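My questions will all concern the structure given below.
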Amino acid sequence: MTLLVTVPKSVLGPYLGLFGGVLLYLAAAEILPEAHSRHPRVLTLCATGLGLLVVLFGIGFAD
């Protein structure tokens, strides 16, 4: 629950389902093929790890 916006429970389930589906689509259609391309894999791995750290750092500030 937020302080500015209240989302009804009847809307929250479909919204989260749609959001999760979009993330799964992006992972399957964009990120997974990129991991199997011919460019340097070490750079891709480092960029993925950096992205994970940014997300975890952002979550830490949000809490």
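Values in this text are rule-based calculations from the coordinates and carry no lab data. Quick caveat, the model's predicted, so the values are computed rather than measured.
Summing -39500 (n - 2.57) over the DSSP H runs of n ≥ 4 in the chain and dividing by its residue number, what mean residue ellipticity at 222 nm do you reach, to the nearest 500 deg cm²/dmol?
Numbers: 3 runs with 44 residues, N = 63.
For the chain, the value works out to -23000 deg cm²/dmol.
Another question about this same structure. How far, in nm, would the chain grow between Arg41 and Leu16 when pulled straight, counting 0.36 nm per residue and subtracting the alpha carbon separation?
Result: 5.8 nm gained on full extension.
I've got another one for you. Hey, got the Cα dimensions of the chain along the principal axes, in Å, largest first?
Taking max minus min along each principal axis of the Cα atoms, the chain gives 46, 27, 11 Å.
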